[in-house]
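Below is one structure; the comments refer to it alone.
The values are calculated or read from the model by the stated rules, or taken from the named source; none is laboratory data. Keep in mind that this is a model prediction, so the values were computed, not measured. Reconstructed Cβ throughout: ideal geometry from the backbone, glycine too, with neighbour counts over all protein chains shown.
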Amino acid sequence: MAMRFAAIAIVSVLATAGTFVLVGPLRGYAETSGAGALKAVSDFDTIVDTRARSKAIFEEASRVLTHPRCINCHPATRSPTQGEDKHPHVPLVIASNSSLGPLGLACSTCHGPENRPIVGSRMKSIPGNAHWSLAPASMAWQGLKVSEICQQVKDTSRNGNRSHADLITHMGEDHLVGWAWHPGEGRSAPPGSQETFAALVAAWVKTGAECPD
Amino acid sequence: MSQNLLVNGTNYAVDVDDDIPLLWVLRDTIGLTGTKFGCGIAMCGACTVHVDGIPVRSCVMPVGDAVGKPVTTIEAIGDTAEGARVQRAWLEIDVVQCGYCQSGQIMSATALLAANPSPTDDDIDAVMAGNICRCGTYPRIRAAIKLAAKAG
Amino acid sequence: MSIHDKVNVSVSRRHFLIGASLTGAGLIIGLQPSLSSAATGDLEPNPFIRIPADGKIALIMPSVEMGQGIYTSVAMLLAEELEVTLEQVVLEHAPADPTRYANPLLGDQITGGSLAIRGVYEQMRKAGASARVMLVNAAARGWGVSPETCTAEAGQVIHAASGRRAAYGSLIQAAASQAVPQEVPLKAASSFKLIGKPIRRLDSPEKVNGTAKFGIDARPEGVSYAAIAICPHFGGKLRSVDDKPAMAVKGVKQVVRIEDAVAVVADNTGAARKGLAAIAIEWDAGPSGDLSLAELEKRAEDATTSGKALPHINEGDVTKAEAENGPVHEFVYRLPILAHSAMEPMNCTLHVRKDSCDVWVGTQVAGRARQAVADVTGLPVDKVVVHNHLLGGGFGRRLDVDGVILAAKIATQVDGPVKVTWSREEDIRHDCYRYLNYSKITATLGPDGLPMSWRHRVIGPAVMARWLPAFTRDGIDLDIMGGAESSYAIPNKYTEFVRHEAPDGMLTGNWRGVGATRNIPPIEGGIDELAHAAKIDPLEYRRRLLQHKPRLIGALDLAAEKAGWTNTLPRGKGRGIALSEDFGSFAAMISEVSVGDDGKLKIDRIVFAVDCGQVVNPDTVDAQILSGIVYGLSAALYGRLTVQNGAVVESNFDDSPVLRIHETPKIEVYIVPSSEAPGGIGEVGTPGVAPSLFNAIFAATGKRLRSLPIDQHEFRRV
């Protein structure tokens, strides 16, 4: 998975952990909720201006990018978030340079190649995928506006050195991206499907890969 | 179905479903009770064992995922250089209190030192944050890991 | 907790047994369940010592080991006077037998209340000394010399003049014919070889290599494994269950129904849990099915304002003082519902037979566990054998036998032994909770700013009414009121108790620190508030009120010195004091915190000084204070259970978080040297955590917190 080989220097941000107590409710779970459909590319045909159409298509695609299943592993710091409310991952996980966690508490210490059902808990499963890992630091999306995420996605220094064509392939075929629509019991999926999402990304590229203002 | 497991160098044929967590096969079927049940959802680390050298939470790992890979538990971790050093440091610092979480703590600490022979405080936090101790042995765990690192 | 001598179990109850000479089998491997040894031929000069002809000397532990280091400390006490080295002994769990193993201060076979060392400090030394005297007398008689010319050392009697030596094991026959001495001199502290020295824990090696056996590790021959679902609603019942999906799971043998729970029995716990998850259970929620936390809090609020109050302490004339001094300062402190969350989930293994029963469990109350099983099974109590184990944490949870009763009900329906293991979810949702505790404090100050009157109303359940009725007085739970008397010299003082019980079916119990964790937060927060109102430094304020408490002042001064109390802190940082005098120990804690502009709290440092009298093992004191503080930090920062539909909502470490290593601040523990009687230590670290944080946060931000947990509050600087 090319995305994981991005050779970008990463600064571990442990300082945000420490002994801080986050104010407000700490941990909560939303039930699985259908996020509904994703608009088809044809739904944007009425927008005559190509640039405007491109921007609108990205806005629609961003409903996936900013969904908790995706953005929880594109955090602002090197620690993932989790749950529908994007609370800090419990236990504390520091992704480390590999984005796979330090040996000793790697992602694979808990996350397997598939979602793992668990019994007796409010949590119904532990999510998993063969490539389970955090996005590289360069791909931190949390806290960004959609327009900023868009600029980042296009920037080869911050997208794993992907061409536009690579982006379509990545979004459309990557197994870990695809996991988002099969998140296991107890978690909501982003809207649409990987196919409709990939079609939007392709249409966005085709229309000039314009970013929302 | 029957699963073939290699645990601490010994082969075991166990007749359980492949989705039964490894923890229960180790504890109940094989009888290695040093590995502990604490939460069942990979939140506390008490059940940590090494599979193929990687620490895993055996309470959520289906036994089927461990087939064909060497499993090491607390009962045999002292056979590794790092494990022996960690255990000696645990005795030297007298880390344990109730002791229930300590198998998991030692398995995590051993994995930490195997990968990182001289961990900083932040490195220790990044690995050991996955293991809960209700007796509050954390300060001594930190001291023991540093002692074990020095002995390496 | 100021529990006083209820039953005087003295060394006069010692008995010794000697029979045909056999080897002391089963004495040389680690921690052993105690075996009846009437036929072994070993010397048993009292219930705590068994000396075989060969091999190690067995020391039988009257208290249980749940992390607090008591096995090491008790072994030190026995070995000190018996004159053996710790390498020469093995430790045994005591059997269930309150007639021999009751804590002298509790009158029952109970490990709790930080009473173990206080209860057995003399008892164990006398037990060791009397055995030594018998062995010395036996040797002297055999050698035809005066016992006064003999000494004992490292398991041998020595006659220095003739150079003769005899190992204890060689003397057991002769010693058995010696009278048990009624009075034995004990060593002066200056001669201690073990007491007061930092001795490594005797249970460390097996806890480090995975061989230590906790209750959950019991595997009697032919054991089956059960997973249980208990009715989630307080006082609710089982309505129906379809067991077919469970029976279809490989390894599942049986589904057991009892009044308020379902158990799936299988050939491993994983299959039992899988089977349990497969079945749909219908519960009858019962009378409490619509209760929410908001309703429970409202009831506690009502009890605070208008509950029936029973007077506890009445000194001076508070009403008059309130009229003469003013204004009246009033604070209400509110503490939430807490679980214990010991790392070892509740479990119990039983083999119920027609005429007898074996029980494998880790319990703080072995005698009560035995009685409970006898009650459930209808067996005579002497047909129930309790094999006690190491406890994977107690914290008060294993002072109750609800888990034993539940397992016994299930086991009566199962052929062969069955181990009932609770899930973490069941463990948290069916705890014997530290229930809501509210405190209303009303005070007036004199012209010097010091309190003239102090009124403290304590609202909470009367746990002792069911658990230890002797520890109630005229309807007042003396444990819930523990520490409420407060150490401060205030001329007019009035404390009262409002009994406020949890809803039926919600068990409430003892939680680490008992009364003190309820009452120290309001008292130490309240005194801090008064110091602020009087514009007097909170340390100086306390000192002025504690001139009659030199040991508490000693701890306070030591903590203040180590914490650098007089050093000015930058903006956004603050220090807070909390004192406690309980469990026979005197403690001062100073927390130092930072609060960022974003309202984030960081605990920079905790300094703790304690005068706990004569220390048995200073390393244990250090460990137990650390432990109590970390336990208190989990509760202070995060601890709070909520209730919906008459059921506890939280269920595991994801939604009921506890402190982890990266959240643990630097903690420094200092011991005030003392030759006073030993005090308790297991619970001493916990009560001051929350109030020292309240006070430190106030110093850092000007915001006064009066309820827990702290993470429910916003405290940007004001």
Residues that are among the hydrophobic types (A, V, I, L, M, F, W, C), in contact with a helix residue (DSSP H, G or I) (Cβ under 7 Å, 6 or more places away or on another chain) and assigned to a strand (DSSP E or B), drawn from region C:410-469: C:Val418, C:Val420, C:Ile441, C:Ala443, C:Leu445, C:Met452, C:Val458, C:Ile459
Subset of region C:120-144 (residues that are buried (at least 24 other Cβ atoms within 10 Å of the Cβ) and within 30 Å of C:Gly482 (Cα to Cα)): C:Val120, C:Met124
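Let's see how each residue does on (1) out of contact with any Lys or Arg (no Cβ under 9 Å at 6 or more places or on another chain); (2) polar (S, T, N, Q); (3) modelled with pLDDT of 95 or more:
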residue	(1), (2), (3)
C:Ile490	yes, no, yes
C:Asn510	no, yes, yes
C:Thr517	no, yes, yes
C:Ile520	yes, no, yes
C:Leu552	no, no, yes
C:Leu579	no, no, yes
C:Phe586	no, no, yes
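Can you name every residue in region B:42-52 that is small (Gly, Ala, Ser) and in contact with a strand residue (DSSP E or B) (Cβ under 8 Å, 6 or more places away or on another chain)? Steps first, please.
Here is the first cut: in region B:42-52, the residues small (Gly, Ala, Ser) are B:42, B:45-46.
The answer is B:Ala42, B:Gly45.
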Residue among B:Leu147, B:Leu91, B:Leu112 that is under 12 Å from the mean Cα position of the chain (by Cα), at pLDDT 95 or above and more than 30 Å from A:Lys124 (Cβ to Cβ): B:Leu112
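Do you know which residues across region C:699-713 are assigned to a loop (DSSP other than H, G, I, E, B), of a type outside the set (A, V, I, L, M, F, W, C) and closer than 19 Å to C:Leu641 by Cα? Steps first, answer last, please.
Of the residues in region C:699-713, the ones assigned to a loop (DSSP other than H, G, I, E, B) are C:702-706, C:708-709, C:713.
Still in the list and also of a type outside the set (A, V, I, L, M, F, W, C): C:702-704, C:706, C:709, C:713.
Selection gives C:Arg706, C:Pro709, C:His713.
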Candidate set: region C:412-439, residues that are among the aliphatic types (A, V, I, L, M) and touching a Ser or Thr at 6+ places or on another chain (Cβ under 8 Å); chosen: the one surrounded by the fewest Cβ atoms within 10 Å (Cβ to Cβ): C:Val414
Test result for B:Asp28, within 7 Å of another protein chain (Cβ to nearest Cβ), free of Cβ contacts under 8 Å to residues at least 60 places away in the same chain and under 29 Å from C:Val658 (Cα atoms): yes
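What are the residues in region A:57-114 that are among the β-branched types (Val, Ile, Thr), assigned to a loop (DSSP other than H, G, I, E, B) and at pLDDT 95 or above, if any?
First pass over region A:57-114, keeping only residues among the β-branched types (Val, Ile, Thr): A:57, A:64, A:66, A:71, A:77, A:81, A:90, A:93-94, A:109.
Cutting the leftovers down to assigned to a loop (DSSP other than H, G, I, E, B) gives us A:66, A:77, A:90, A:93-94.
Scanning region A:57-114 gives a single hit, A:Thr66.
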Set A:Ser121, A:Ser133: member being within 11 Å of chain B (Cβ to nearest Cβ), in a loop (DSSP other than H, G, I, E, B) and surrounded by 19 or more Cβ atoms within 10 Å (Cβ to Cβ): A:Ser121
Where C:Asp382 falls short, out of the listed (1) without any contact (Cβ under 8 Å) to a residue 40 or more places away in the chain; (2) assigned by TED's automatic domain parsing to the domain that holds C:Pro503: (2)
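Here is a list: C:Val414, C:Val420. Which entry is among the β-branched types (Val, Ile, Thr), at pLDDT 95 or above and under 27 Å from the mean Cα position of the chain (by Cα)?
It is C:Val420.
Considering only region C:528-568, how many residues are assigned to a loop (DSSP other than H, G, I, E, B) and under 20 Å from C:Pro491 (Cα atoms)? Lay out the reasoning, then the answer.
To start, the set of residues in region C:528-568 that are assigned to a loop (DSSP other than H, G, I, E, B) comprises C:534-537, C:546-549, C:564-568.
Pick out the ones that are also under 20 Å from C:Pro491 (Cα atoms) and you get C:534, C:536, C:546-549.
Total meeting the criteria: 6.
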Which listed residue, of A:Pro91, A:Pro75, is under 30 Å from A:Lys206 (Cα atoms) and surrounded by 18 or more Cβ atoms within 10 Å (Cβ to Cβ): A:Pro75
Options B:Ala109, B:Ala115, B:Ala89; residue that is out of contact with any Asp or Glu (no Cβ under 8 Å at 6 or more places or on another chain), under 21 Å from A:Ser108 (Cα atoms) and surrounded by 22 or more Cβ atoms within 10 Å (Cβ to Cβ): B:Ala109
Selection within region B:55-84 - aliphatic (A, V, I, L, M) and in contact with a Ser or Thr (Cβ under 6 Å, 6 or more places away or on another chain): B:Val56, B:Ile74, B:Ile77
Residue that is outside any helix (DSSP H, G or I) and crowded, with 17+ Cβ neighbours inside 10 Å, where the choices are A:Gly172, A:Gly160, A:Gly178: A:Gly160
Where B:Ser103 falls short, out of the listed (1) in the same structural domain as B:Thr137 (by TED's automatic domain parsing); (2) touching a residue at least 60 places away in the same chain (Cβ under 8 Å); (3) more than 19 Å from B:Phe37 (Cα to Cα): (3)
Given (1) farther than 27 Å from B:Asp122 by Cβ; (2) modelled with pLDDT of 95 or more; (3) in contact with a helix residue (DSSP H, G or I) (Cβ under 7 Å, 6 or more places away or on another chain), number of the condition A:Gln142 does not satisfy: (1)
Failed condition for A:Leu103, given (1) crowded, with 18+ Cβ neighbours inside 10 Å; (2) closer than 22 Å to A:Phe197 by Cα; (3) of a type in the set (A, V, I, L, M): (2)
Filter result for C:Arg512 (out of contact with any helix residue (DSSP H, G or I) (no Cβ under 7 Å at 6 or more places or on another chain) and of a type in the set (Lys, Arg)): no
Pairs where the first residue, in region C:307-335, is among the basic types (Lys, Arg) and the second is assigned to a loop (DSSP other than H, G, I, E, B), C-beta under 7 Å, 6+ apart: C:Arg334/C:Arg706
Number of the condition not met by B:Tyr12 [criteria: (1) within 10 Å of another protein chain (Cβ to nearest Cβ); (2) part of a strand (DSSP E or B); (3) over 16 Å from the mean Cα position of the chain (by Cα)]: (1)
Close pairs from region B:133-144: first on the phi > 0 side of the Ramachandran plot, partner polar (S, T, N, Q), Cβ under 7 Å, at least 6 apart: B:Gly136/C:Ser627
Unmet criterion (only one of (1) part of a loop (DSSP other than H, G, I, E, B); (2) closer than 23 Å to C:Asp619 by Cβ; (3) at the interface with chain C (Cβ under 7 Å from one of its Cβ atoms)) for B:Asn131: (3)
